[in-house]
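Right, one structure below, let's go through it.
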């Protein structure tokens, strides 16, 4: 497994074109809550809801998350939705996942404990991960890739509503 940082959309698209993956797993909300047409505070839809079905399901499971209408999450959501559309226009399959939820389901630390998260991910016997000092963001990306593998093998769980974008997670306990 190769890991690293990509920042701009051009770098992301160039890498995807080179690698030609079977699946893109994105750590960002990829759909709006039912009743929302956008994330603008000035729009009439702003007062309808802040949460999707998947968000309520995460809350029910005791998994912490940031609502997509909270500050920087708005930009992350808009970028995630933009990337999803661009990848799907290229014929790629795109899923939404949330590494913090996957890590909670697996019972391993989240990125605030980088050493613990790396140790927790080591149980998946990933080649190359032990040779570097990956950042917390890279470890989250590795988590997303593992969830993507589960999805491709047909063993992943999905929560939420297809109308809002399903969230793909490891099998639920």
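The values are calculated or read from the model by the stated rules, or taken from the named source; none is laboratory data. A quick note: this is a predicted structure, and the numbers were derived from the prediction, not measured. Cβ sites come from the backbone with ideal geometry, for glycine too, and all protein chains shown count toward neighbours.
Summary of computed values
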| read-out | value |
| --- | --- |
| Number of positions in the range 1-10 that are closer than 19 Å to residue 139 by Cα, touching a helix residue (DSSP H, G or I) at 6+ places or on another chain (Cβ under 8 Å) and in contact (Cβ under 8 Å) with a residue 60 or more places away in the chain | 4 |
| Flag if residue 68 is crowded, with 18+ Cβ neighbours inside 10 Å, in contact with a helix residue (DSSP H, G or I) (Cβ under 7 Å, 6 or more places away or on another chain) and under 13 Å from residue 164 (Cβ atoms) | yes |
| Of residues in the range 107-119 being assigned to a helix (DSSP H, G or I) and loosely packed, with under 15 Cβ neighbours inside 10 Å, the one modelled with the highest pLDDT | 116 |
| The range 19-51: number of residues that are modelled with pLDDT under 95 and not in a loop (DSSP other than H, G, I, E, B) | 5 |
| Failed criterion for residue 73 (all others in (1) farther than 25 Å from residue 149 by Cα; (2) exposed (fewer than 13 other Cβ atoms within 10 Å of the Cβ) hold) | (2) |
| First in the range 22-44 and within 23 Å of residue 87 (Cα to Cα), second anywhere and part of a strand (DSSP E or B), Cβ under 6 Å, 6 or more apart | 24/94; 25/95; 25/97; 26/96; 30/96 |
| Qualifying residue in the range 120-132 (condition: exposed (fewer than 14 other Cβ atoms within 10 Å of the Cβ) and closer than 23 Å to residue 67 by Cα) | no |
| Among the candidates 88, 133, 96, 57, residue that is free of Cβ contacts under 8 Å to residues at least 60 places away in the same chain, in contact with a strand residue (DSSP E or B) (Cβ under 7 Å, 6 or more places away or on another chain) and at negative phi | 88 |
| Which listed residue is touching a helix residue (DSSP H, G or I) at 6+ places or on another chain (Cβ under 9 Å) and under 18 Å from residue 23 (Cβ atoms), from 171, 109 | 171 |
| Any hit, the range 156-172, residues being exposed (fewer than 13 other Cβ atoms within 10 Å of the Cβ), in a helix (DSSP H, G or I) and on the phi < 0 side of the Ramachandran plot | no |
| Residue in the range 11-18 that is under 24 Å from residue 142 (Cβ atoms), at pLDDT 95 or above, surrounded by 13 or more Cβ atoms within 10 Å (Cβ to Cβ) and touching a strand residue (DSSP E or B) at 6+ places or on another chain (Cβ under 8 Å) present | no |
| Residue match in the range 78-85 (condition: crowded, with 16+ Cβ neighbours inside 10 Å, part of a loop (DSSP other than H, G, I, E, B) and either touching a residue at least 60 places away in the same chain (Cβ under 8 Å) or in contact with a helix residue (DSSP H, G or I) (Cβ under 9 Å, 6 or more places away or on another chain) (or both)) | no |
| Odd one out for residue 102 among (1) in a helix (DSSP H, G or I); (2) out of contact with any helix residue (DSSP H, G or I) (no Cβ under 6 Å at 6 or more places or on another chain); (3) touching a residue at least 40 places away in the same chain (Cβ under 8 Å); (4) within 22 Å of residue 150 (Cα to Cα) | (2) |
